[in-house]
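The values are calculated or read from the model by the stated rules, or taken from the named source; none is laboratory data. Predicted model only: the values in this text are computed from it and were never measured. As a convention, Cβ positions derive from the backbone with ideal geometry for all residues, glycine included, and neighbour counts pool all protein chains shown. Side chains included, ligands, DNA and RNA excluded: accessible areas come from the protein's heavy atoms. Shrake-Rupley method; radii C 1.70, N 1.55, O 1.52, S 1.80 Å.
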Amino acid sequence: MLNNRNILCISGTEWNGNYIKAVVELMKVLSAQNHILFVENAYTYKDALAGVSDKDKIDFKKVFGIKSRIRTITTDNGGTVHILFPPLVFPVNFLPQGQLYNNLLKFNAWLLRRVVKKALRKLNMQNELINFTSFNPGMGLMTGRTFGEKTLIYHCYDEIKGAPYWLARHGLRLEEGFLKMVDATIVTSQGLYNSKKDLTKQCFIVKNAVKVDLFKNGFNSVPNPGKKVVGYVGTVDDRSDYDLLHHLFTGMPDAEFVFVGRILSERGLGILKKYPNVKIEGPKMPEELPPYLQSFSVGIIPFVKDDFTKGIYPMKINEYLAAGLPVVSTAFGDIADFASLIKITDDKEVFLQYVRSEIAGDTPAKREARLKTAESNTWDKRAEELSAVIEQIEAGVK
């Protein structure tokens, strides 16, 4: 495990986002033995004026530097993480490629670079620095190699070319540039590895995991076959196969379908609201999820198969398994690790039959086996894998 290192994480997410991201969990584990500066994804002036759902409220005193931008927290393992609230930046993703876009992007990067350098000096974190930029390739490309870092790593946990248009229109080009700049790229799935390996110097896979101690609070050792609650924990967006879901909703009118997570697609939300046996719970903090899992009879992953989803290694598989739940999924990407434990099909009728049979045939022994698998996919183990990869990168071993 890495020890006594300075790690700068320029992230594409917020530390307190109400959905778990791999980078946050990895930084929590690494914080026990290392110095972490986590830079949150910057809000734009548009965000400040219009507001942003599912995010922390903007602290304008921090935004304008009236009070310290840094807050320090203690993690569950006794580690310490310094979280930097960056200044507001100009919204640029809506702009076409050109001089205005380039100048504003450079200015945004200057704003970020200025406060990050100041924070690194204040925290005495400038020596032997690891710059671990997590799914923020634009800022990575603009600020990488400017902090005196020893090692520059791109952590890629989603397929940017399949992301929403507002992100992908510039993101793909920026990511290609950043992939060439970094010492190595670390991805979370085989699909992402296949997509990035030829564009970067070195590429490694460190898969997602589960916070077992949290999600096994939703563990029921004895299933109730007479109860039919089909659950989904995750974002309601365009990744879902709504034709498949329609087949499930109408094919199991006696079952309740519960969706827990952020709503990013008004189209998807509109479809779900049409069905009387569908319950939409909205976004929840991670610690609020176990009671929902405890009420589920089965967990589903009804993703379409496209350029975006083929790169996903969904954390929800391990979260469902930690709660002992049977899982039925489409074959959206490389989830071969779970082929012996979950049901996988792209056929909507077979999917429906699997949901029914997994509920009816569930047993305490099966539930214990699922929990055991989840316990082998913890963030502690992933942090050990990540540490070994970084040490290999720094040793110059390909």
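If you run the Gaussian network model on the chain, springs between alpha carbon atoms under 10 Å, then out of Tyr43, Tyr275, Tyr154 the most flexible one is Tyr275.
When every Cα-Cα distance of segment 241-309 is counted in 5 angstrom steps from zero, the calculated P(r) takes the values 3, 13, 24, 27, 19, 11, 2 percent. Summarise the accessible area of the chain (1.4 Å probe, protein heavy atoms) by the percent that is carbon and sulfur. About 51 percent, which is the carbon plus sulfur part of the accessible surface. If R0 is 25 Å, the Cβ-Cβ spacing of Ala369 and Asn277 corresponds to a FRET efficiency of close to 0.25. Put simply, the amide H of Val298, placed in the peptide plane, has neighbours under 5 Å in Val229, Gly231, leaving out anything fewer than 5 places away on its chain.
3J(HN,Hα) along segment 220-234, derived from phi through the Karplus expression 6.51 cos²θ - 1.76 cosθ + 1.60 where θ = phi - 60°, amounts to 10, 6, 10, x, 10, x, x, 9, 10, 10, 9, x, 9, 10, x Hz, with x in place of Gly and Pro.
Pairwise Cα distances in segment 321-398 exceed 15 Å in 66 percent of cases. Once backbone amide H atoms are built at 1.01 Å from N, Val304 has Ser240, Asp241 as its partners under 5 Å, excluding neighbours fewer than 5 places away on the same chain. Ranking Val304, Ala322, Tyr292 by how far each Cα lies toward the positive end of the dipole of segment 283-328 (charges on Cβ) leaves Val304 at the top. Remark on Tyr43: its backbone amide H falls under 5 Å from those of Val89, a criterion applied only to residues 5 or more positions apart or on other chains, H modelled at 1.01 Å from N. Across all directions, the shadow cast by the convex hull of segment 218-273 built on its C-alpha atoms averages 4.5 square nanometres. Building the convex hull from the alpha-carbon atoms of segment 100-216 and averaging its projection over directions returns 9.2 nm². The Rg/Rh ratio for segment 269-398, using Cα coordinates for both the radius of gyration and the Kirkwood hydrodynamic radius, is 1.03. Run the paramagnetic zone check for Ala331: 7 angstrom along Cα to Cβ, then residues of segment 351-365 with backbone nitrogen under 14 Å. Within reach of a label on Ala331: 351. Per residue, the accessible area of the chain comes to 43 Å², computed with a 1.4 Å probe over protein heavy atoms only. Calculated mean residue ellipticity at 222 nm for the chain: -11000 deg cm²/dmol, from DSSP H runs with n ≥ 4 weighted as -39500 (n - 2.57), summed, divided by the residue count and rounded to 500.
A straight Cα-to-Cα reach below 20 Å connects Lys343 with the lysines Lys227, Lys228, Lys305, Lys310, Lys316, Lys366, Lys372, residues fewer than 8 places away in its own chain not being considered. Here the label points at Tyr101 and Arg71, each 7 Å from Cα along the C-beta direction, are separated by 3.4 nm in the simple model.
Suppose we keep just the DSSP beta bridges with both residues in segment 233-354; what percent of those would be antiparallel, to 5? Don't skip to the end; give the middle numbers.
Details: 1 of 12 bridges.
Antiparallel: roughly 10 percent of the beta bridges in segment 233-354.
Once the C-beta distance of Lys150 and Ser221 is scaled by a Förster radius of 56 Å, the resulting FRET efficiency is 0.70 to the nearest 0.05. Of the whole protein surface, Trp110 contributes about 120 Å² of accessible area at a 1.4 Å probe radius. Compared with the dominant Cα axis of the chain, that is its longest principal axis, helix 348-360 is turned about 70°.
Between the helical axis of 165-181 and the longest alpha-carbon principal axis of the chain there is an angle of about 60 degrees. Both radii are taken from the alpha-carbon atoms of segment 77-139; with Rh as the Kirkwood radius, Rg/Rh is 1.05.
Taking Cα centre as origin and charging only the Cβ of basic (Lys, Arg, +1) and acidic (Asp, Glu, -1) residues, the dipole magnitude of the chain rounds to 1340 debye.
Find the eigenvalues of the gyration tensor of the Cα atoms of segment 149-250, then list the square roots of 5 times those eigenvalues as equivalent ellipsoid semi-axes, largest first, in whole angstrom.
Output for segment 149-250: semi-axes of 36, 20, 11 Å.
In terms of Cα to Cα distance under 19 Å, which aspartates and glutamates are near enough to Lys61, apart from those fewer than 8 places away along the same chain? By straight Cα distance, Lys61 reaches Glu14, Glu40, Asp47. Positive end of the dipole of the chain (Cβ unit charges, origin at the Cα centre): among Ala374, Ser134, Asn217, the Cα lying farthest that way belongs to Ser134. Each residue of segment 249-264 was assigned a 3J(HN,Hα) from its phi angle through the Karplus expression (A = 6.51, B = -1.76, C = 1.60, θ = phi - 60°), giving 4, 7, x, 10, x, 8, 9, 9, 10, 10, 10, 10, x, 5, 9, 10 Hz with x at Gly and Pro. Each label point was placed 7 Å from the Cα along the Cα-to-Cβ direction; for Leu341 and Phe60 their separation is 4.9 nm.
Here segment 1-142 is treated as a sphere whose radius is the Kirkwood value from Cα pairs; by Stokes-Einstein at 10 °C and 1.306 mPa s it diffuses with a coefficient of 100 µm²/s.
Applying the Karplus relation 6.51 cos²θ - 1.76 cosθ + 1.60 with θ = phi - 60° to segment 130-138 yields 3J(HN,Hα) values of 9, 9, 10, 8, 10, 6, 9, x, x Hz, where x marks Gly and Pro.
log₁₀ I(q)/I(0) of segment 292-340 at q = 0.16 Å⁻¹, via Debye over equal Cα point scatterers, no solvent, to two decimals? So the normalised log intensities are -0.44.
Calculate the tail of P(r) for the chain: the fraction of all Cα-Cα distances greater than 30 Å, expressed in %. Roughly 42 percent, rounded to a whole number. Note on the chain: GNM, Cα springs under 10 Å; of Phe332, Phe94, Phe351, the largest mean-square fluctuation is that of Phe94. Express as a percent, rounded to the nearest 5, the fraction of DSSP beta bridges in the chain (both residues included) that run antiparallel. About 10 percent, rounded to the nearest 5.
Helix 99-122: angle to the longest alpha-carbon principal axis of the chain, degrees 0 to 90, nearest 10? With both axes taken from Cα atoms, the answer is about 80 degrees.
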